[in-house]
Amino acid sequence: MADLQEKNRQLGKTLKDMGRVMVAFSGGVDSAVVLKRAQEELGDNVLAVVVASELFRESEFDAAVQFAEDMGVRVHKTEMKELENPHIVANNPDSWYHSKKLLYTHLNELAEEMGYPYVLDGMIMDDEEDFRPGLKARTEEGIRSVLQEAKMYKTDVRALAKELNLPVWNKLASCSLASRFPYGTKLNKRIVNQVNQAEVYLKGIGFDEVRVRYHENVARIEVSPEKIMELVEKREQVQHKLVSLGFDYISVDLRGYRTGSMNEVLPEASQEEKLAANA
């Protein structure tokens, strides 16, 4: 705990030295800690920017706006059209770079217009350990990842969020809906909405930690291992619903829910690309 307090002190000093900041706010635990600590250190010199996207649920956007407003932080709502960008639609491994590049470029433009010298995101130390092309875009655009600068990992962030009485301290991570599609599957609004509706349905019947991976006419469902049997028991209603959404076959992934499962099939030759993307 002493180590966490030292990291928190470092985070506070970094924020105070910045003076005036814009926070890219998603409503998740990482960006919530950044926003709360920025508010504590800088008061009204903080702006939360919440971005609506075709690849994230509208309910998440609405919840993030409400959360920031409830904190008493000024909020700016904006949007970006990811499915108008051919690099993102192509859904290749480098599409994640183009998605983050689009986001960070947009945020920097807003910051310049509105007079904010720093734009902050919620990246943490754990983000260095996976396939994260967004790191390259972050560095190119000069976005500050203050939790990384304070050497905070997810366990640190959740512990600090709990100390700060943030209701999202144990919230499950969300991710772009693009992560449900194999690389090379071109994205469009229809199939993105198909997957989104399937996941919303499954969450509604008790599977909070869930991914529906899209394989053309096959839905591959990932839930936490201890919930697999429950999913099998509900197979008839799940089958009926997902077929009504346009899938022909419904499968259960026996390995269970895990982040980044679409990266597992990237060829070994792409390892250098992964490292370059994380540079």
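Any read-out appearing in this document is the output of simple, stated calculations on the displayed coordinates, not a laboratory observation. This structure is a prediction, so every number in the text was calculated from the model and none was measured. All Cβ positions, glycine included, derive from the backbone under ideal geometry; neighbour counts span all protein chains shown.
Filter the chymotrypsin sites (Phe, Trp or Tyr not before Pro) in region 25-104 to those in DSSP coil with at most 16 other Cβ atoms within 10 Å of their Cβ, and list the result.
Working: sites: 25, 56, 61, 67, 96, 97, 104; in loops: 25, 56.
Passing sites in region 25-104 do not exist.
May I ask you to compute the full-extension gain from residue 140 to residue 258, defined as 0.36 nm times their residue separation minus their alpha-carbon distance, rounded to one decimal in nm? Spell out each step's value before the answer.
On the way: separation 118, 0.36 × 118 = 42.48 nm, distance 2.92 nm.
Taking residue 140 through residue 258 to full extension adds about 39.6 nm, to one decimal.
Evaluated at 20 °C with a viscosity of 1.002 mPa s, what Stokes-Einstein diffusion coefficient in µm²/s does the chain have when Rh comes from the Kirkwood expression over alpha-carbon pairs?
Diffusion coefficient, whole number: 108 µm²/s.
For residue 224, list long-range residues whose amide hydrogen, built 1.01 Å from N in the peptide plane, is under 5 Å from its own amide hydrogen.
Amide H neighbours of residue 224, under 5 Å, 5+ apart: 209, 257.
Among the helices of the chain (complete DSSP H runs), which have Cα atoms covering no less than 18 Å along the helix axis and a Kyte-Doolittle mean of at least -1.0? If you can, show how the numbers build up before the last one.
On the way: long enough: 2-18 (25 Å, -1.36); 29-42 (19 Å, 0.04); 58-71 (20 Å, -0.34); 95-114 (29 Å, -0.76); 189-204 (22 Å, -0.55).
What comes out of the filter, once short or polar helices are dropped, is 29-42, 58-71, 95-114, 189-204.
How much length, in nm to one decimal, is gained on full extension between residue 52 and residue 112, taken as 0.36 nm per residue of separation minus their Cα-Cα distance?
Numbers: separation 60, 0.36 × 60 = 21.60 nm, distance 1.98 nm.
Answer, rounded to one decimal: 19.6 nm.
How far, in nm, would the chain grow between residue 69 and residue 244 when pulled straight, counting 0.36 nm per residue and subtracting the alpha carbon separation?
On the way: separation 175, 0.36 × 175 = 63.00 nm, distance 3.77 nm.
Difference between extended and current length: 59.2 nm.
For the pair residue 6/residue 190, report the inter-label distance in nm, with labels modelled 7 Å from Cα in the Cβ direction.
Output for this residue pair reads 5.7 nm.
Reachable aspartates and glutamates from residue 189, Cα under 13 Å, same-chain residues fewer than 8 places away excluded?
Partners found: 54, 82, 84.
Collect residues whose amide H, placed 1.01 Å from N in the peptide plane, falls under 5 Å from the amide H of residue 215; neighbours closer than 5 in sequence don't count.
220
Compute the distance from the alpha-carbon center of region 190-238 to that of region 48-110, in whole Å.
Computed from Cα coordinates, the inter-centre distance equals 24 Å.
Defining a contact as two alpha carbons under 8 Å apart and six or more residues distant in sequence, what relative contact order in percent does region 16-126 show? Mind showing how you got there, number by number?
Working: 157 pairs, mean separation 36.5, N = 111.
Across region 16-126, relative contact order equals 33 percent.
Residue 100: which lysines have alpha carbons under 17 Å from its alpha carbon, excluding same-chain residues fewer than 8 sequence positions away?
81, 136, 274
Going Cα to Cα from residue 7, which lysines come in below 23 Å? Please leave out same-chain ones fewer than 8 positions away.
Correct list for residue 7: 16, 36, 151, 154, 162, 171.
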